[in-house]
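Trainee: I have a structure here, written as structure tokens, and I will follow up with some questions on it.
Readers should treat all values here as calculations from the given coordinates under stated rules, not as data from a laboratory. Quick caveat: nothing in here was measured; it's all calculated off a predicted structure. A quick note on method: Cβ atoms are made from the backbone with ideal geometry, for glycine too, and the neighbour counts reach across all protein chains shown.
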């Protein structure tokens, strides 16, 4: 079962533009995490936001969390060609066990 | 450098054959996980293990088996009962209380049925 659903499924932007993607989930969570996957590679952890946090920043990344709407967004500012990848949200629900549930991902293409 | 090593990178399986995918970590992480990824899709949990000699089924465990005899190792066997095994397989690990830190992933094994 997929806890997180991401929107859009694919995104194409020009270098220098901002990229925004959204993640919606179904049940209450303990934290939500975002990962990046370059084509044919493993996932890399980007940022984690806890259920009692509303916004976090890491470099050019900004994550928001709205627990009332059960949704999160990831913003990449001033995108670069190297940001081309798939981005996944993952939710942690402690009561469901020591594991993450991943969404379907957003494929981002940054054109030079 | 600490990390997770998956091998082989590419694997080809004949119909009716069992194959084993290797996952080794030197991060001293307690928990290890196997996920399956189909083209253009998200990750689905196959099995996970929080301690040695114990593991739990994920959402799509049928046709797969695992063992956890050592903390560092969590091999996945794709059995002949798995009818559609062609996919990208990802192994991950985390500390026991470390989901505040997220997973560390291996680089994956691409399995193809020939």
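Trainee: Let me know the mean shielding of B:43-49 by other chains, meaning the per-residue number of their Cβ atoms within 10 Å of its Cβ. Could you put the intermediate results ahead of the total?
Mentor: Numbers: counts 12, 4, 6, 0, 0, 4, 1.
Partner Cβ neighbours, averaged per residue: 4.
Trainee: Sort B:55-62, B:12-19, A:82-89 for me by packing, meaning the mean count of neighbouring Cβ atoms within 10 Å per residue, highest on top. Display every interim value, and only then the final one.
Mentor: On the way: B:55-62: 15.2, B:12-19: 12.2, A:82-89: 21.1.
Ranked by mean Cβ neighbours within 10 Å, highest first: A:82-89, B:55-62, B:12-19.
Trainee: Still on this structure, please answer the following. Can you tell me which of A:14-24, B:25-35, A:34-44 comes out highest on packing, and rank the rest after it, using the mean Cβ neighbours within 10 Å?
Mentor: Values: A:14-24: 16.4, B:25-35: 20.5, A:34-44: 18.5.
Ranking the peptides A:14-24, B:25-35, A:34-44 by packing returns B:25-35, A:34-44, A:14-24.
Trainee: Ratio to report: Rg/Rh of chain B, with Cα atoms as the point set and Rh obtained by the Kirkwood method; give two decimals.
Mentor: Numbers: Rg = 13.3 Å, Rh = 14.0 Å.
With Rh from the inverse mean 1/r over Cα pairs, Rg/Rh is 0.95.
Trainee: Turning to a different aspect of this structure: Where in the range A:13-39 does the amide nitrogen come within less than 19 Å of the point 7 Å from the Cα of residue A:96, taken along Cα to Cβ?
Mentor: Hits in the range A:13-39 for residue A:96 at 19 Å: A:22-36.
Trainee: Tell me, Kirkwood radius of the protein assembly as shown from alpha-carbon pair distances, in Å? Working shown, then result.
Mentor: Values: mean 1/r = 0.0558 Å⁻¹.
Kirkwood hydrodynamic radius for the protein assembly as shown: 17.9 Å.
Trainee: Now for a different question. Please list A:50-56, A:63-69, B:63-69 highest first by mean number of surrounding beta-carbon atoms within 10 Å per residue.
Mentor: Details: A:50-56: 12.4, A:63-69: 14.3, B:63-69: 17.1.
By packing density, highest mean first, the sequence is B:63-69, A:63-69, A:50-56.
Trainee: Now a separate question. Please give the residues of the range A:87-106, grouped as numeric ranges, whose backbone N is less than 18 Å from a label point set 7 Å along the Cα-to-Cβ vector of residue A:64.
Mentor: A:89
Trainee: Once the convex hull of the alpha carbons of the range A:6-66 is built, what does its volume come to per residue, in cubic angstrom?
Mentor: 117
Trainee: Would you please report the Å³ per residue occupied by the convex hull of the alpha carbon atoms in the range B:1-54?
Mentor: Numbers: hull volume 6.9 nm³, N = 54.
Cα convex hull per residue, to the nearest whole number: 127 Å³.
Trainee: Out of every Cα-Cα pair in the range B:40-88, what percent are more than 18 Å apart?
Mentor: Details: 372 of 1176 pairs.
Within the range B:40-88, distances greater than 18 Å cover 32 percent of Cα pairs.
Trainee: If you don't mind, another one. Calculate log10 I(q)/I(0) of chain A for q = 0.11, 0.19, 0.21, 0.23 Å⁻¹, where I(q) comes from the Debye formula with a single equal point scatterer on each Cα and nothing for solvent.
Mentor: The Debye formula, applied to the Cα set alone, gives -0.32, -0.93, -1.11, -1.31.
Trainee: Considering the alpha-carbon set of the range A:55-104 alone, what are its Rg and its Dmax in angstrom?
Mentor: When restricted to the Cα atoms of the range A:55-104, Rg and Dmax are 13.1, 39 Å.
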